[in-house]
Amino acid sequence: MAAIHQEFVVDARPEDVWDVLADYGAVHRRLAPGFVVDTQLHDDTRTVTFADGTIVHERLVDLDATSRRVAYTVVGGNLHPSHHHAWMQALPEADGRTRFVWHTDVIPADLAGPIAEFVEHGSTVIRATLSAAGTVRGSS
């Protein structure tokens with residue numbers, strides 16, 4: 001199994017970041033526009049179309065308003081992992097900012113490279129989108 005982890009701090013309140021994350025069917029409009037070009041929601045599964053043409057079906061595992069965390073798993077599309085579990089979370093930081101965390105576990109490990117590239121590119125877009133009204137304060 002491989003783990004991919006990305007996090008960064010944005011100048012946005014955690015409740016505002018959560019409002020975006022909780023809108024599970026609007027990734028293409030609110031979280032990662034341009035990186036994701038379409039999202040279709042059908043019950044608990046969303047079909048996500050990326051700008052490069054990759055399509056994945058992601059089933060919602062958990063949408064937890066208390067911890068401001070959304071978890072999902074890939075269940076179909078162009079990627080064929082035997083196991084995929086990912087989560088995104090909006091954690092409070094000093095001065096009303098938010099630490100955005102995105103973590104993915106995947107099997108087989110040879111999918112880690114392509115998924116890590118997606119996460120890196122997606123994080124750049126997400127950071128810019130969430131920071132549109134402010135400035136990113138750091139990253140790790």
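Separation of segment 103-118 and segment 1-56, taken as the distance between their Cα centroids, equals 17 angstrom. Computed over the alpha-carbon atoms, the chain gives an Rg to Rh ratio of 0.94, Rh here being the Kirkwood radius from the mean inverse distance.
Using a 1.4 angstrom probe on heavy atoms only, work out the carbon and sulfur share of the accessible area of the chain in %.
51
Using alpha carbons only, the radius of gyration of segment 1-64 set against its Kirkwood radius gives Rg/Rh = 0.98.
Quick one: helix 112-130 against the long Cα principal axis of the chain, what's the angle to the nearest 10°, folded into 0 to 90? It works out to around 30 degrees. In plain terms, the chain from Leu60 to Ala132 could stretch by 23.2 nm, reckoned as 0.36 nm per residue minus the Cα-Cα distance.
Summed over the residues of the chain and divided among them, the accessible surface reaches 49 Å² per residue at a probe radius of 1.4 Å.
The values are calculated or read from the model by the stated rules, or taken from the named source; none is laboratory data. This one's a predicted model, so the numbers in the text were calculated from it and none came from an experiment. We work out accessible area using only protein heavy atoms, side chains counted, and drop any ligands, DNA or RNA first. Shrake-Rupley method; radii C 1.70, N 1.55, O 1.52, S 1.80 Å.
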